[in-house]
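Structure, as C-alpha cells:
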Amino acid sequence: MKQDTARHLKIAARNLTHNFDLFAQHYQLTGAQMSFIDYLNDHCDTEVLQRDLEQEFNIQRSTATLILQRMEKKSLVKRQPAKQDARQRAVSLTDQSQAIVTVVQNYMQQQQQKLEYNFSTAEIAIFEKILRYYQQQEN
C-alpha cells in the first residue's frame, strides 16, 4: 500500500480551511480575516506590521493588503504608519473587532480540545513535528 503523506496533508489542510471559512461566514468574514484577528489579538502588546502578517501566514504583500483593506471597510482593523518606520504600516484591532475576538478564541479552543480528545499529547507532538518539517520545505 502506497503512503502519500503530502496528499493527506493537503486534503486535511483544505478541509480545515473550508470548515474555518464556513464558521467565519456566520460573522460575514472569511477564515483568513478571522485568522488575522486571532493573530492581532495574540500580539496586541506589540506593534504588528503588515509585513509580520505576510510572514506569519506565508502570503504575498498584495494578498495581505487586500485582506486588510476589506477588514478596514468593516471597521475591524486600522492601519497607520509604524512608530519605528513610517514607511511600514502598523495594524491593530478596532473596538468593533473585540466582540469577534472572543468568538474566534472560543472556536480555536474548541478545535484544539477536539484534537486533544482524539489524540495523545505524544501523538500531537509528532504531528506538529511533521507539520514544522513541511512548513520549512523550500522549492
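Some points to look at:
- Qualifying residue in segment 106-113 (condition: more than 28 Å from Ala6 (Cα to Cα), under 17 Å from the mean Cα position of the chain (by Cα) and exposed (fewer than 15 other Cβ atoms within 10 Å of the Cβ)): yes
- Flag if Glu116 is under 21 Å from Asn19 (Cα atoms) and assigned to a helix (DSSP H, G or I): yes
- Considering only residues in segment 81-105 that are among the aliphatic types (A, V, I, L, M) and in a helix (DSSP H, G or I), the one that is surrounded by the fewest Cβ atoms within 10 Å (Cβ to Cβ) turns out to be Ala99.
- The residue that is modelled with the lowest pLDDT, among those in segment 38-63 that are hydrophobic (A, V, I, L, M, F, W, C) and more than 13 Å from the chain's Cα centre (by Cα), is Cys44.
- Of all residues in segment 14-57 being in contact (Cβ under 8 Å) with a residue 60 or more places away in the chain and part of a loop (DSSP other than H, G, I, E, B), the one that is surrounded by the most Cβ atoms within 10 Å (Cβ to Cβ): Leu29
- Extreme residue, nearest to the chain's Cα centre (by Cα), among residues of segment 64-80 that are among the polar types (S, T, N, Q) and loosely packed, with under 14 Cβ neighbours inside 10 Å: Gln69
The values are calculated or read from the model by the stated rules, or taken from the named source; none is laboratory data. Predicted model, so just to flag it, every value in this text is computed and none were measured. Note that each Cβ is placed from the backbone with ideal geometry, even for glycine, and that neighbours are counted across all protein chains shown.
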